[in-house]
Amino acid sequence: MFENALSFAKAQDAADPLRKYRDLFYFPQHDGQDVIYLCGNSLGLQPKTVGPALEHELKHWREEAVEGHFKGKYPWMYYHKFLLPQTARLVGAKESEVVVMNTLTTNLHLLMVSFYRPEQGRYKILMEGGAFPSDQYAVETQVKYHGYEPSDAIIELFPRKGEYYLRTEDILDQIKAAGSELALVMIGGVNYYSGQFFDLEAITKAGHATGAKVGFDLAHAAGNLPLKLHDWGPDFAVWCSYKYLNSGPGGPSGLFVHERHGKNPDLPRFGGWWGHDEESRFEMRKGFHPMEGAAGWQLSNAQILSMAAHKASLDIFDEAGIGALRQKSLKLTAYLEWLLKDIPNLKVITPTEPEARGCQLSIVTKTPDKSLFDFISAKGVVADWREANLPGEEGGIIRVAPVPLYNSFEDVWRFAKMLKDNA
Ligand SMILES: *Cc1c(COP(=O)(O)O)cnc(C)c1O
């Protein structure tokens, strides 16, 4: 099916129905050429439409000032609503179940305020061991905030000895074993380190079967894989927009609250005026009445500039379609995996089953130092190095993410050739 030849890679690109999207992005330059950018899992490239979208809002502000809230194509007063249809399609939710606001870790805390409600005997949180540090710190400090000891209240899941990622059966067994002590399952959709995509539906079912709440951090899943949040049924989810979603550094976060909670105004939460009933928001009266749905978790008025960049990027995603992107992604990542198999001294630790990963592959090198990473970086590859994060493991990994919106089969072939020439 695959061939290790530049001509083959070029032919794949020529036949790629999504090939035009590459031209919508700016690539950093190296020796007068586009870099081989494989770091979209960390910070997505800048869409060429972002500059004009920002300029549109700056002009609106220059010319209308406070009236900009009510005038123009996208009045700021309702700006968050203009993001809802595309956001809902992206994560498989109803429009009332999503909203865009704040940043990811902030939203994780806000939703744990609502969905981590420890009580007598039921106070534990189950998460991946070696999770992204911000998630670890968020969970640790929430647990302490409620007066528990992290070493007792946090259950961390680690792969079996000699393995690099979690087996679904082990995750489900541990959820079951935690039983009535479990208050919350909080797991990443795609693990940032191994690239493993978890069986979110099975995890949701298992968590709910014990009586726990279930929430996901989808930082590495949103824009990477099609999701079905409404059907899978977790209680909440959060994600950021600057990785696969290309909305720029510090871009706004998305959040999901399942519809079964959205209609309950009594659910404990931290409130702010933008989450308050829209009809009476400007009457400035006492008494917080949350909007129905995810909108009722908003605190502040919309961050227009970062949301305008996000909207420009969502427009591209929506046009390309997450389903079509996934089809290309499956092929592109499989091609990279196939090329890497030929290269000695490398090992891919990401699951080999396509349904258990997105586009990222995590590579362990034989020399447990950064030398190979430094070599490819000097040659114009932008990838990512992470120190080992599992107990007893040395060195680190190179993470590469060929993203279907702007990476090509040629990028993947050139990258693999570089590794092979160096092997
Ligand atoms: C990128 C990432 C974050 C970053 O959080 P911010 O609040 O946006 O800085 C948090 N958690 C995970 C799993 C991530 O991948």
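General observations
- Looking only at region 263-292, and only at residues there that are open to solvent by 10 Å² or more (accessible area, probe 1.4 Å) and touching a residue at least 60 places away in the same chain (Cβ under 8 Å), the one that is nearest to the ligand (Cβ to nearest atom): PHE270
- Contacts under 6 angstrom Cβ, first residue in region 301-320 being farther than 17 Å from LYS243 by Cβ, partner open to solvent by less than 20 Å² (accessible area, probe 1.4 Å) and modelled with pLDDT under 95, 6 or more apart: none
- Output for region 24-41, where each listed residue is open to solvent by 40 Å² or more (accessible area, probe 1.4 Å) and in contact (Cβ under 8 Å) with a residue 12 or more places away in the chain: LEU24, TYR26, PRO28, HIS30, ASP31, GLN33
- Where strands (runs of 3 or more DSSP E) fall wholly inside region 170-281, the ranges with 2 or more residues that are farther than 30 Å from TRP385 by Cβ are 182-188, 213-217, 253-257.
- Among the residues of region 268-292, the one identified as aliphatic (A, V, I, L, M) and either within 19 Å of GLU97 (Cβ to Cβ) or touching a helix residue (DSSP H, G or I) at 6+ places or on another chain (Cβ under 7 Å) (or both) is MET291.
- Within region 224-247, the set of residues being more than 12 Å from the ligand (Cβ to nearest atom) and under 25 Å from ALA383 (Cα atoms) comprises LEU225, PRO226, ASN246.
- Of all residues in region 187-209, none are under 11 Å from the mean Cα position of the chain (by Cα) and more than 16 Å from CYS359 (Cα to Cα).
- Qualifying residue in region 135-148 (condition: in a strand (DSSP E or B) and in contact with a strand residue (DSSP E or B) (Cβ under 9 Å, 6 or more places away or on another chain)): no
- When region 139-182 is limited to residues that are within 16 Å of the ligand (Cβ to nearest atom) and over 22 Å from HIS208 (Cβ atoms), the one that is surrounded by the most Cβ atoms within 10 Å (Cβ to Cβ) turns out to be TYR165.
- Residues that are over 16 Å from LEU245 (Cβ atoms) and within 16 Å of the ligand (Cβ to nearest atom) within region 94-112 comprise THR105, THR106, LEU108, HIS109, LEU110, LEU111, MET112, listed in sequence order.
The values are calculated or read from the model by the stated rules, or taken from the named source; none is laboratory data. None of these values were measured; they are calculated from a predicted model. FYI the Cβ positions are ideal-geometry reconstructions off the backbone, even for glycines, and counts take in every protein chain you see. These accessible areas exclude ligands, DNA and RNA; they are computed on the full protein's heavy atoms, side chains included. Shrake-Rupley method; radii C 1.70, N 1.55, O 1.52, S 1.80 Å.
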